[in-house]
Amino acid sequence: MSSQTAPKKRVTVNELRRMKGAGERIAVVTAYDSTSARLVDRGGVDVVLVGDSVGMVMQGHESTLPVTLEQMIYHCASVRRGLARSGSRAHLVGDMPFGSYQASTDEAVKNAMRLAAEGGVEAVKLEGGAEYADVIVRIIRAGIPVMGHVGLTPQSVHKLGGYVVQGRDGDAAQKLIQDVHALEAAGCYAVVLECIPAELARLVTGQVGIPTIGIGAGPHTDGQVLVYHDLLGLETEFKPKFVKRFAELGPAVAAGVEAYVAEVKAGTFPAEEHSFHAPSLRLLQVVPQQPAADDDHAVVGAPV
Ligand code: KIV
């Protein structure tokens, strides 16, 4: 069987734990729509995260706070359909948005269930430490795996006083270590460490059995996550220190659109090969009221 036709082995929570044990690094990328999901899955990512960063990256907000549960379900379902089209090797996680798990445990469970049932995610991620242990236990009891998220937790941007590195002093580092242990004890299968010193991330990663996924947390975590638009250079205005651009798609997109505009203006697009024809319609020049039936049967295109 060729590698193109071999069924892909799905990445599960067990597989992620195995990867940590085996010292295999875990690659995580965000996606928010069907096309990007298909592309990142083809690129071989282990985990696709439908992050609430969608609020900043796609919706243009200054924070993730305005993102709603309905919007997350919409984006998760879009990504799920994209993964289904590509054969779906990747494990799919959806963020619980601000306001969907903080007010009550019952609401948190119901909302996690909606993300799983309507959004098609295999796990949910929520921000916070020991204070969310009871919420996490209840969501897991409902059958939904939970990924934790500590360090810089963007939904608490105002409490944190901005998007600033966390865990830099002894007390804050100690609190973060306790939080990760509490998340593991509550049953989280993995945890995101965002914007913390590399030394702290290394320490935590060595202390817990669950995979740590870093972003701005240095090289010593079990995996890394980046935002799709950042790693592909689609976001050109702003580049945080922890981002590496693996492609420069922003300028490529602008150049493509510029070329299209130029051809439309010059009249060189569409060309002959982009045009449909119906020979009988030549009659229309002399009998304008004749019905034009031929193009009803034209094949316009097929999915690529
Ligand atoms: O919302 C998001 O994209 C995230 C990742 C950056 C970890 O939470």
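Below are the figures for this structure:
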quantity: Cα gyration tensor, segment 13-231 - rounded (a/c under 1.5), prolate or oblate; calculated: rounded
quantity: Residues of segment 137-160 with amide N under 16 Å of a point placed 7 Å along Cα→Cβ from residue 63; calculated: 152-160
quantity: Euclidean distance of C-alpha centroids, segment 190-227 and segment 149-186, integer Å; calculated: 12
quantity: Shape call, segment 55-95: gyration tensor on alpha carbons, a/c limit 1.5; calculated: prolate
quantity: Cα extents of segment 153-213 along the three principal axes, largest first (Å); calculated: 31, 22, 18
quantity: Helix 249-266 vs. the chain, principal-axis angle (Cα, 0 to 90°, nearest 10); calculated: 20
quantity: Two-decimal log10 I(q)/I(0) for segment 171-262, as the Debye equation yields it once each C-alpha is a single scatterer, q = 0.10, 0.25 Å⁻¹; calculated: -0.37, -1.16
quantity: Alpha-carbon centroid distance for the pair segment 75-119 / segment 228-266, whole angstrom; calculated: 29
quantity: FRET efficiency, 1/(1 + (r/R0)^6) with R0 25 Å, evaluated for residue 39 and residue 117 via beta carbons; calculated: 0.45
quantity: Phi-based couplings in Hz for segment 50-56 (Karplus 6.51, -1.76, 1.60; Gly and Pro marked x); calculated: 8, x, 6, 4, 3, x, 8
quantity: Residues 199, 127, 235, 24 arranged by fewest to most Cβ contacts within 10 Å; calculated: 199, 24, 235, 127
quantity: Rounded tilt (10° steps) of 198-207 against the dominant C-alpha axis of the chain; calculated: 70
quantity: Choice from 116, 173, 247 showing the highest fluctuation, given a GNM over the chain with Cα pairs closer than 10 Å; calculated: 247
quantity: Value of Rg/Rh across segment 19-80 [Cα atoms, Kirkwood radius]; calculated: 1.06
quantity: Dmax and Rg, reported as Rg then Dmax, of segment 93-196 (C-alpha, Å); calculated: 13.3, 42
quantity: 222 nm mean residue ellipticity, helices alone, for the chain (DSSP H n ≥ 4; -39,500 (n - 2.57); rounded to 500); calculated: -11500 deg cm²/dmol
quantity: Spin-label pair residue 85/residue 265, simplified geometry with 7 Å Cα→Cβ offset, distance in nm; calculated: 3.2
quantity: For the chain, built as a Gaussian network whose Cα springs stay under 10 Å, the top-fluctuating residue of 239, 265, 110; calculated: 265
quantity: With Cα atoms, 0 to 90° folded angle of helix 105-117 axis to the chain main axis; calculated: 40
quantity: Candidates 224, 155, 207: whichever shows maximal mean-square fluctuation once the chain is modelled as a Gaussian network with Cα springs under 10 Å; calculated: 207
quantity: Fully extended contour minus Cα-Cα distance, from residue 185 to residue 15, at 0.36 nm per residue; calculated: 59.3 nm
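Just so you know, all these numbers are worked out from the coordinates, no wet-lab data involved. Because the structure is a prediction, the values reported are computed rather than measured. Backbone-built Cβ (ideal geometry, glycine too); neighbour counts: all protein chains shown.
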